[in-house]
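Data first, discussion second: the structure below is written as structure tokens.
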Amino acid sequence: MEYLLGTDIGTSGTKTVLMDTKGNLIAQDLQEYDVLTPYPLWAEQWPQVWLTAARTSIKNTVKKSGVPPEQIRAIAISGLYGGSGIPLDEDMEPVRPCMIWMDRRAEEETRWALEHIGEKRLLEITHNGADPYYGYTKILWMKNHEPENWARTRLFLPPNDYVIYKLTGNIAIDYSSAGNIGGIFDMNTRTWSEELMEEMGIPTSMMPETIVESTDIVGGLTREAAEELGLWEGMSVVAGSIDCGAANIGLGVFEPGIYAAAIGTSMCAAYISDSPVKGKGLIVWPYLYKAKELSYYFAGGATAGAIVKWFRNTMCQFEMEAEKAGGPKAYDVLNKQAAEIPAGSEGLIVLPYFMGERSPVWDSDAKGTIVGLSLTHTKAHVYRAFLEAVAYSLRNAMEATGENPGDQILIAGGVTKSKLWRQIFADVTGYPVVCPLHDTEANLGDVMLAGIGIGILTFEDVKTWQVLDEKIMPDPERHSVYNRYYEVYQSVYLHLKTDMKTLTTLI
């Protein structure tokens with residue numbers, strides 16, 4: 001037997017799985033951590049947190065599996081969008097925490113890009129616009145606000161590529177990670193834009209010289225890494241990708257024309273295409289499969305699962321204490337109670353903009369909002385309204401692409417653990433929803449990429465894997481109710497937009 005490892009470095013945790021070459025799950029391990037938010041709209045993480053979590057989850061998974069190390073052939077590593085990337089000094093040590101995708105501090109740098117380069121030119125070259133979401137604006141923020149750190153920085157690396165470097169000693173970046181930085185990557189030539197980097201004052205030497213496919217082998221495990229992880233020296237480490245792209249691969253998305261959403265801490269609702277998508281305000285980067293031909297166009301909420309986790313941690317201490325004491329999981333209790341509440345939460349609307357909002361809203365001043373509260377509402381009503389808010393956000397993202405999603409939508413990520421939430425997604429969008437059979441999210445895609453990378457699997461092989469569960473059909477009556485609530489959802493933001501901006505100035 002031959003086995004493969006897949007590691008996904010997420011925003012709130014790092015998970016590793018071990019599978020055989022038929023896609024059967026053998027063992028897994030999850031290491032959790034938090035995001036640093038020292039100021040409003042700031043979001044940072046120290047790279048050592050990711051590295052420690054990756055090493056621990058890999059080591060634990062190998063140990064739990066009981067599989068002889070020599071039968072484990074390769075590993076692929078995906079990761080969260082690291083925003084600016086990790087600024088590294090000449091010794092390849094972090095200069096400061098990494099400003100991740102959720103960070104929205106670079107407002108001044110966004111305005112500079114629009115004024116001095118222009119949105120039209122950015123779109124022509126990079127196919128992306130200007131917003132604090134993009135890594136290049138965060139890099140400019142560091143250049144402008146932290147000159148000492150800027151002077152020490154020699155290279156920026158995404159989280160997964162940093163871990164791969166620590167395991168192999170080799171430096172590379174995959175196409176999806178490079179493209180997602182935005183304004184310094186030329187989507188037409190699929191390489192760094194020297195002209196835009198020169199205008200921004202970002203040396204090309206600060207970006208990895210080697211850009212690889214997600215199935216390329218970056219290197220082999222060093223002796224030190226192999227000993228620490230319980231594996232063997234020289235075992236292949238495959239490039240991997242941005243985690244939401246790996247989740248799409250895990251859903252079996254290998255051809256254009258398919259709509260899939262990866263919903264964890266945030267939401268990436270994507271349409272895979274081999275030609276320009278007519279929707280405006282979308283984020284685009286090379287897809288993991290046929291990276292020089294296919295593109296990943298997406299919109300989606302900056303805070304999806306994050307707002308539900310916030311609700312649990314902030315409002316549900318009783319349920320969490322009961323869980324710690326051996327009772328049912330807090331989420332299970334909340335889902336059971338919310339299932340008794342009718343569609344629309346009896347007049348509640350939540351705007352899920354807890355860290356501003358990216359595509360298609362593009363508003364750093366957007367605020368999380370609860371509208372419609374009365375003395376008759378309970379915790380269950382509010383919790384259900386939070387679930388519905390993420391579903392409304394998905395529908396908004398789908399409509400933003402301007403493309404027909406076909407006869408179903410694929411959804412992966414932590415949200416699929418909730419049967420109620422899966423049904424709400426179907427009822428709000430009006431489309432059948434199909435989710436993975438197992439809670440492996442991006443890890444399954446990593447395993448596929450690892451096997452293809454070393455040649456023991458082909459794309460045709462993994463297409464035959466049974467990875468999807470049965471369809472969840474929308475309820476026509478609830479969909480009709482949600483249509484009316486969705487109109488209010490859109491209207492509330494437009495009416496409060498000016499006041500939200502004013503609130504930002506008061507903080």
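The values are calculated or read from the model by the stated rules, or taken from the named source; none is laboratory data. None of the values given here were measured: they were computed from a predicted structure. Reconstructed Cβ throughout: ideal geometry from the backbone, glycine too, with neighbour counts over all protein chains shown. The area values use the complete protein model at the heavy-atom level, side chains included, leaving out ligands, DNA and RNA. Shrake-Rupley method; radii C 1.70, N 1.55, O 1.52, S 1.80 Å.
Enumerate the aspartates and glutamates that Lys501 could reach by cross-link, defined here as Cα to Cα under 14 Å, with residues fewer than 8 away along the same chain left out.
Within the straight-line cut-off, Lys501 pairs with Glu107, Glu357, Asp363, Asp365.
Using only Cα atoms, locate the centre of segment 321-367 and the centre of segment 48-120, then give the distance between them in Å, rounded to an integer.
27
Using bins 20 angstrom wide from zero, how does P(r) for the chain break down, in % of all Cα pairs?
24, 58, 18, 0
In whole angstrom, and with the biggest value first, how far do the Cα coordinates of segment 417-496 range along each principal axis?
Cα spread of segment 417-496 along its principal axes, largest to smallest: 54, 29, 20 Å.
Using only the heavy atoms of the protein chains and a 1.4 Å probe, how would Arg395, Arg104 rank by accessible area, largest first?
These residues rank, largest area first, as Arg395, Arg104.
In whole Hz and in residue order, list the ³J(HN,Hα) couplings for segment 115-123 that follow from phi through the Karplus curve 6.51 cos²θ - 1.76 cosθ + 1.60, θ = phi - 60°; x for Gly and Pro.
6, 9, 10, x, 5, 4, 5, 4, 5
Using the Kirkwood radius over Cα pairs, work out the Stokes-Einstein diffusion coefficient for segment 449-507 at 4 °C and 1.567 mPa s, in µm²/s as a whole number.
77
Under Stokes-Einstein, with the Kirkwood radius over Cα pairs standing in for Rh, what whole-number D in µm²/s applies to segment 240-290 at 4 °C and 1.567 mPa s?
Estimated via Stokes-Einstein, D reaches 113 µm²/s.
Can you report the principal axis dimensions of segment 70-151 using only the alpha carbons, biggest first, rounded to whole angstrom?
56, 32, 21 Å, listed from the longest principal axis down.
If you wrap segment 198-308's Cα atoms in a convex hull and average its projection over all directions, what's the area in nm²? Mind dumping the intermediate values first?
Details: hull surface 41.8 nm².
Taking a quarter of the hull surface, the average projection is 10.4 nm².
Size of the dipole of segment 226-381 about the Cα centre, Lys and Arg at +1 and Asp and Glu at -1 on the beta carbon, nothing else charged, in debye to 20? Mind showing how you got there, number by number?
Numbers: 12 positive and 16 negative charges, 93 e Å.
My answer is approximately 440 debye.
Please state, as a whole number in µm²/s, the translational diffusion coefficient that the Stokes-Einstein equation yields for segment 325-395 at 4 °C and 1.567 mPa s, with Rh defined as the Kirkwood radius across alpha carbon pairs.
Using the Kirkwood radius from Cα pairs, D works out to 98 µm²/s.
On alpha carbon coordinates alone, what is the Rg over Rh value for segment 118-207, Rh being the Kirkwood radius? Walk me through the numbers on the way to the answer.
Values: Rg = 13.2 Å, Rh = 13.7 Å.
Rounded to two decimals, Rg over Rh is 0.97.
Calculate I(q)/I(0) for segment 303-344 by the Debye formula, one identical point scatterer on each C-alpha and no solvent, and give its log10 at q = 0.35 Å⁻¹ to two decimals.
So the normalised log intensities work out to -1.11.
Taking the chain as a whole, which cysteines find no other cysteine Cβ under 4.7 angstrom from their Cβ?
Cys98, Cys316, Cys435
How big, in percent, is the set of alpha carbon pairs in segment 135-289 lying more than 19 Å apart?
Numbers: 7234 of 11935 pairs.
Considering segment 135-289, 61 percent of its Cα-Cα pairs are separated by more than 19 Å.
Between Thr502 and Thr204, with labels modelled 7 Å along Cα→Cβ, what's the label distance in nm to one decimal, could you check?
About 5.0 nm, to one decimal.
For Leu157, list long-range residues whose amide hydrogen, built 1.01 Å from N in the peptide plane, is under 5 Å from its own amide hydrogen.
Ile86, Leu88
Return, for the Cα atoms of segment 254-374, the radius of gyration and Dmax in Å, separated by a comma.
18.4, 54
May I ask you to derive the FRET efficiency for Met473 and Glu195 from their Cβ-Cβ distance with R0 = 41 Å, giving the value to the nearest 0.05?
The pair Met473/Glu195 has a calculated efficiency of 0.20.
Enumerate the whole-percent occupancy of each 5 Å bin, from 0 to the last occupied one, for all C-alpha pair distances of segment 37-85.
4, 13, 21, 20, 14, 11, 8, 5, 3, 1
What order do you get for 484-492, 76-84, 113-121 when each peptide is scored by the mean count of other beta carbon atoms within 10 Å, highest first?
76-84, 484-492, 113-121
Say the dipole of segment 8-97 comes from +1 at the beta carbon of Lys and Arg and -1 at that of Asp and Glu; which of Met92, Tyr39, Gln71 then lies farthest toward its positive end?
Farthest along the dipole direction, towards plus: Gln71.
Which whole-angstrom value gives the distance between the alpha carbon centres of segment 381-438 and segment 174-188?
28
How many times 2.2 N^0.38 Å is the alpha carbon radius of gyration of segment 1-98?
1.24
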